[in-house]
Amino acid sequence: DEEFDELCFEFGLELDEITSEKDIISKEKGEEKAKGASDVVLYKIDVPANRYDLLCLEGLVRGLQVFKERINVPRYEKIIPAEGEGQKLIITEQTVQIRPHAVAAVLRNITFTKERYESFIDLQEKLHQNICRKRALVAIGTHDLDTISGPFTFTAKAPSEIKFKPLNQSQEYTASQIMDLYRNDSHLRHYLPLIENKPRYPVIYDSNGVILSMPPIINGDHTKISLNTRNVFIECTGTDMTKAKIVLDIIVTMFSEYCEKPFTVEAAEVVYPNGKTHIYPELAYRKEKVKPEVINKKIGISETPSNLAKLLTRMCLKSHVIGNGNHLEVEIPPTRADIIHACDIIEDAAIAYGYNNIQMVIPKTYTIANQLPLNKLSELLRLDLAAAGFTEALTFALCSQEDIADKLGMDMSATNAVRIANPKTAEFQVARTTLLPGLLKTIAANRKMPLPLKLFEISDIVVKDPNMDVGARNYRHLCAIYYNKSPGFEIIHGLLDRIMQVLEVPPNEENGYTIKATEGSAFFPGRCAEVFAKGQSIGKLGVLHPDVITKFELTMPCSALEINIEPFV
């Protein structure tokens with residue numbers, strides 16, 4: 001296990017955990033449910049999102065074997081059948097509005113075992129979730145070619161005109177009934193909205209009118225693949241041609257290993273509505289040139305060109321030195337759609353070299369970082385507030401609408417709060433416009449603690465601001481709260497004086513701070529004051545209104561202070 005973990009790391013992957021089906025179920029649903037589940041050891045491997053060629057066991061093993069130099073990079077070939085013998089997929093113009101693109105290929109004389117079959121289905125599922133964007137960009141259909149006869153037609157028809165027996169069902173349904181059938185299916189219901197509201201649904205027929213599939217929802221049961229299937233017809237339909245080609249390339253390169261002639265794929269012809277034809281899969285190899293010194297410089301190593309070529313070849317990028325050693329010619333196989341730029345090649349060279357083998361050096365540029373002044377001030381104030389006997393709390397930046405409006409006796413429109421468009425819970429509907437509710441909720445959760453409770457928080461609040469590029473602005477607020485049998489207004493007032501003392505702001509009107517009586521909806525009438533400093537109002541302090549206290553499920557009087565500390569930076 002340790003060796004394999006090490007190998008994954010060297011190859012740029014991460015062995016996430018070593019587990020079994022039993023472990024997974026017992027973690028998620030408890031031990032009772034896990035009884036009878038399999039104990040077979042499973043490796044959970046994290047694959048980077050750009051490496052579609054490592055999403056199945058075949059590709060992963062092949063990649064690691066090449067990396068360990070046990071096998072050479074295989075050469076994928078497409079075989080173009082004799083005139084009139086190959087499979088054809090004809091696209092009609094009805095598809096243009098819905099899913100305009102389609103590509104196809106055939107895997108001839110393939111041998112499936114239970115493991116290979118499961119891997120084949122699993123790869124399609126992983127591609128659907130990843131590059132196909134939950135089937136929105138591409139949907140894959142794989143069919144037993146011996147049960148159907150070409151040429152095939154990809155068209156779009158009204159839902160009532162489409163009738164077939166969907167995969168693993170016992171009777172025929174129309175397309176509209178299929179939509180209702182899968183509305184509660186945990187797996188397929190997510191794909192229904194892709195075509196649900198369209199006047200026509202995409203559908204693929206063979207020459208006898210047998211329906212192969214209704215992409216992107218479900219295949220027909222007639223063409224179902226089994227362990228005895230020898231010839232597989234693969235079609236990918238979608239809204240993004242590039243992704244469809246990549247998906248087809250990945251599936252055929254991964255599983256052509258099991259064909260009678262390994263790594264060969266039979267091409268299929270696609271006929272477009274305008275009469276043009278194209279042969280798929282493309283299985284395009286292309287060559288790129290990279291300078292060895294660029295690779296060395298970007299990674300920070302000094303390897304010979306021939307060594308760099310070796311490193312790249314281990315990453316399935318067959319390379320050799322050309323010219324008088326000043327260029328590498330790198331061949332990019334059809335499995336590596338992620339190689340777009342020279343940087344991608346350099347990254348692979350770095351992985352093969354081993355990130356841990358690159359020497360650490362001190363950068364040539366000399367820079368000294370500094371703390372953001374606002375954060376520095378916050379840190380210093382935190383220390384002094386703690387020294388004054390207050391305990392720091394950290395509360396959520398999101399809260400419910402009631403917390404910042406109704407419970408504080410304010411109207412929601414007056415708060416100027418930023419709302420979340422699709423809140424997952426009622427607790428997290430808006431960004432907080434004041435720190436007070438968070439501290440009151442903290443006290444409510446700690447009512448069993450001995451009195452007095454003295455809490456503070458220094459954090460950001462968010463309000464709408466049309467002048468900002470993002471439409472909102474953050475302010476750093478300081479909020480302190482005192483909860484006891486008596487209101488303790490003098491304690492909070494004393495804390496304000498202490499804060500001003502450490503900020504070196506004198507208690508006078510000219511260049512210092514003053515407090516003036518005012519009214520606030522959250523405060524007791526006649527027990528509220530506004531704080532002025534640096535010529536502006538920076539916040540309020542006072543005794544909280546009994547209504548506010550009861551709405552937060554508290555029973556004792558409470559006084560609070562909340563000021564904006566940004567003017568003191």
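Scanning segment 143-166 for residues that are under 27 Å from Val106 (Cβ atoms) and either open to solvent by less than 50 Å² (accessible area, probe 1.4 Å) or of a type in the set (S, T, N, Q) (or both) yields a total of 15.
Within segment 298-317, restricting attention to residues that are within 32 Å of the chain's Cα centre (by Cα) and charged (D, E, K, R), the residue that is nearest to Thr237 (Cα to Cα) is Arg314.
When both residues are 6+ apart or on different chains and their Cβ atoms are under 6 Å apart, which pairs have a first residue that lies in segment 122-148 and is assigned by the TED database to the domain that holds Asn168 and closer than 14 Å to Leu248 by Cα, and a second that is of a type in the set (Ser, Thr, Tyr) and open to solvent by 10 Å² or more (accessible area, probe 1.4 Å)? Note: pairs meeting the criteria are Ile131/Tyr52; Leu137/Thr239.
Looking only at residues in segment 464-487 that are under 32 Å from the mean Cα position of the chain (by Cα) and under 28 Å from Gly526 (Cα atoms), the one that is least open to solvent (accessible area, probe 1.4 Å) is Arg476.
Looking only at residues of segment 188-210 that are closer than 24 Å to Glu118 by Cα and open to solvent by 10 Å² or more (accessible area, probe 1.4 Å), we find that the one that is nearest to the chain's Cα centre (by Cα) is His190.
Taking segment 195-298 and the strands (runs of 3 or more DSSP E) fully enclosed by it, the elements with 1 or more residues that are farther than 28 Å from Leu312 by Cβ are at 201-205, 211-214, 232-238, 264-271, 277-280.
Annotation: Glu490 fulfils all but one of (1) open to solvent by 60 Å² or more (accessible area, probe 1.4 Å); (2) of a type in the set (D, E, K, R); (3) under 25 Å from Pro373 (Cα atoms); the unmet one is (3). Looking across segment 445-461, the residues that are open to solvent by 20 Å² or more (accessible area, probe 1.4 Å) and out of contact with any Ser or Thr (no Cβ under 7 Å at 6 or more places or on another chain) come down to Ala445, Asn446, Arg447, Lys448, Met449, Pro450, Leu451, Pro452, Leu453, Asp460. Checking each residue of segment 167-187 against the condition of being surrounded by 16 or more Cβ atoms within 10 Å (Cβ to Cβ) and in contact (Cβ under 8 Å) with a residue 60 or more places away in the chain gives no match. Considering (1) surrounded by 15 or more Cβ atoms within 10 Å (Cβ to Cβ); (2) over 20 Å from Ala393 (Cα atoms); (3) within 48 Å of the chain's Cα centre (by Cα), the lone condition that Arg527 does not fulfil carries the number (3). Of all residues in segment 298-326, those that are at positive phi and among the aliphatic types (A, V, I, L, M) total 0. Answer yes or no as to whether Ile340 is open to solvent by 10 Å² or more (accessible area, probe 1.4 Å) and either over 31 Å from the mean Cα position of the chain (by Cα) or assigned by the TED database to the domain that holds Val265 (or both). So Ile340 does not fit the description; no. The residue list Ile279, Ile218 contains one member that is hydrophobic (A, V, I, L, M, F, W, C) and open to solvent by 50 Å² or more (accessible area, probe 1.4 Å), which is Ile279. Within segment 166-173, none of the residues are of a type in the set (Phe, Trp, Tyr) and outside any strand (DSSP E or B). The number of residues in segment 560-569 being in a loop (DSSP other than H, G, I, E, B) and open to solvent by less than 60 Å² (accessible area, probe 1.4 Å) comes to 1. Each residue in segment 136-165 was checked for being in a loop (DSSP other than H, G, I, E, B) and under 32 Å from the mean Cα position of the chain (by Cα), and 2 pass.
Kindly evaluate Glu269 against the criterion of being of a type outside the set (A, V, I, L, M) and touching a Lys or Arg at 6+ places or on another chain (Cβ under 9 Å). Against the criterion (of a type outside the set (A, V, I, L, M) and touching a Lys or Arg at 6+ places or on another chain (Cβ under 9 Å)), Glu269 qualifies. Could you say whether any residue in segment 12-24 is touching a residue at least 40 places away in the same chain (Cβ under 8 Å), touching a Leu at 6+ places or on another chain (Cβ under 6 Å), open to solvent by less than 60 Å² (accessible area, probe 1.4 Å) and hydrophobic (A, V, I, L, M, F, W, C)? No - not one qualifying residue is present in segment 12-24.
Contact map, segment 358-385: residues that are within 30 Å of Leu308 (Cβ to Cβ) paired with residues that are not in a loop (DSSP other than H, G, I, E, B), Cβ distance under 8 Å, separation 6+ or inter-chain. Pairs shown: Ile358/Ile299; Ile358/Ala350. Filtering segment 430-449 to residues that are of a type in the set (S, T, N, Q), over 16 Å from Gly539 (Cβ atoms) and part of a loop (DSSP other than H, G, I, E, B) leaves only Asn446.
Strands (runs of 3 or more DSSP E) fully within segment 1-115 that include at least 3 residues being closer than 23 Å to Tyr285 by Cα: 77-79, 101-107. Of the numbered criteria (1) out of contact with any Gly (no Cβ under 6 Å at 6 or more places or on another chain); (2) more than 30 Å from Arg99 (Cβ to Cβ), the one Val265 fails is (2).
Here is a yes/no grid of residues against (1) under 17 Å from Ser149 (Cα atoms); (2) surrounded by 12 or more Cβ atoms within 10 Å (Cβ to Cβ):
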site	(1), (2)
Tyr76	no, yes
Glu83	yes, no
Leu89	yes, yes
Glu93	no, yes
Arg99	no, yes
Ala102	no, yes
Arg108	yes, yes
Thr113	no, no
Glu118	no, yes
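The values are calculated or read from the model by the stated rules, or taken from the named source; none is laboratory data. Remember, it's a predicted structure, so these values are computed and weren't measured experimentally. Because the Cβ atoms are built from the backbone with ideal geometry, glycine has one as well, and the counts that use them run over all protein chains shown. With ligands, DNA and RNA removed, areas are computed over all heavy atoms of the protein, side chains included. Shrake-Rupley method; radii C 1.70, N 1.55, O 1.52, S 1.80 Å.
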